[in-house]
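What follows is calculated from the coordinates using simple rules that are stated; it is not laboratory data. Predicted model only: the values in this text are computed from it and were never measured. Note that we place each Cβ from the backbone using ideal geometry, even for glycine, and neighbour counts take in every protein chain shown.
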Ligand code: AP5
Ligand code: MG
C-alpha cells in the first residue's frame, strides 16, 4: 500500500506515520528527516537545503524529487511506503504521477493553526536516531535523553516560534492546495488530528482500512 500523509507542520504526520509503519510493516519516508540527515552530514544536497529549511521555506522541487526517487527505489519499498512530508507542492505531486506511482490513499491530518505552536515548541527530537517526543504530551522517561538510543533529545532549529509562523504560511500557500488535487482524484480522506495521539491513530487506521 502506498500512502501519503498530508498536514500542517506539527499536525502529527511523523507521529502517525510511525504507528502505520509498525502496523503494516512498510517504511515511513520523511523527506524532512532525510534532508536533516543530509544537512548534518554536510552533503551537497544538505548544503543546498540548509538555508531554505532554517527559514521555514521549501527546498526546491528538483532537489526533493531527486531524493524521493532514490529512496523509493530501495528494496524495503517493494511492498509499499508511507510518504510523510512529500509531496508538498503541486509539481511534486505531478512528479509522482509522472513516475507512474499509484497512490492508494491520501490522509490529511487536520489541526488548527492555534494548536500547532504548542506542539512544536514542546517537541524534542533525538539528535542520534531522530525519535520524536513532546515535553508535555509524550515526554522521554529521562528528561532530554532518548528512550530508544540514549542520544540527546533537543529542539529542532525550525521549531522556533518565528520560524513556525513562516512554515505555516508556506504550508497554507503551497501545500494545502494538494488536498483538492487528491480529492479530485478520489484519494483524499480527512481526519481531525486534535485529539490524543492514540485516538487520532484509530481514526487514521480506520481511514486506510488497516
Ligand atoms: P518536515 O520535517 O517534514 O517538517 P513539517 O512538515 O513542518 O512537519 P513536522 O515534522 O514539524 O510535523 P509532523 O506533522 O511530522 O508532526 P509530529 O508528528 O512531529 O520538513 C522540514 C523542512 O524540510 C521543511 O520546512 C522544508 O524546508 C523541508 N522539506 C521537507 N520535505 C520537503 C518537500 N517535500 N519539499 C520541499 N521541502 C521539504 O508532531 C509534532 C509534535 O506534536 C510532536 O512533539 C508530537 O509529539 C506532538 N504530537 C503529535 N500528535 C499529537 C497529538 N495528537 N496530541 C498532542 N501532541 C501531539
Ligand atoms: Mg515530521
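Table for the structure above
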| item | result |
| --- | --- |
| Extended-chain gain in nm, criterion 0.36 nm per residue less alpha-carbon gap, residue 69 and residue 115 | 13.3 nm |
| Distance from the range 33-61 to the range 116-170 (C-alpha centre basis), Å | 18 |
| Contact order relative to length of the chain, as percent, for alpha carbon pairs under 8 angstrom and 6 or more apart | 30 |
| R0 of 25 Å, Cβ-Cβ distance residue 98-residue 47: FRET efficiency to nearest 0.05 | 0.40 |
| Percent antiparallel among DSSP beta bridges (both partners in the chain, rounded to 5) | 30 |
| Rg/Rh ratio calculated on Cα atoms of the range 145-210 (Kirkwood radius) | 1.09 |
| Overall Cα dimensions of the range 100-210 - principal axes, largest extent first, Å | 45, 34, 30 |
| Mean Cβ count within 10 Å, highest first, over the residues of peptides 157-165, 100-108 | 100-108, 157-165 |
| Segment residue 61-residue 176, extension gain: residue separation times 0.36 nm, minus the distance between their alpha carbons | 39.8 nm |
| Taking N as its residue count, the alpha carbon Rg of the chain over 2.2 N^0.38 Å | 0.96 |
| Fewest-first ranking of 86, 137, using other Cβ atoms within 10 Å as the exposure measure | 137, 86 |
| Exposure proxy order (Cβ contacts within 10 Å, fewest to most) of 146, 45 | 45, 146 |
| Exposure proxy ranking, count of Cβ atoms within 10 Å, fewest first, for 43, 200 | 43, 200 |
| Distance in nm between pseudo-label sites at residue 37 and residue 129 (7 Å out along the Cβ direction from Cα) | 1.4 |
| Over the chain: helical MRE at 222 nm, DSSP H runs n ≥ 4 each giving -39500 (n - 2.57), nearest 500 | -13500 deg cm²/dmol |
| Residue 79/residue 194 FRET efficiency (R0 30 Å; Cβ-Cβ; nearest 0.05) | 0.40 |
| DSSP-defined antiparallel bridges as percent of all bridges, the range 91-210, nearest 5 | 60 |
| Segment residue 137-residue 185, extension gain: residue separation times 0.36 nm, minus the distance between their alpha carbons | 13.7 nm |
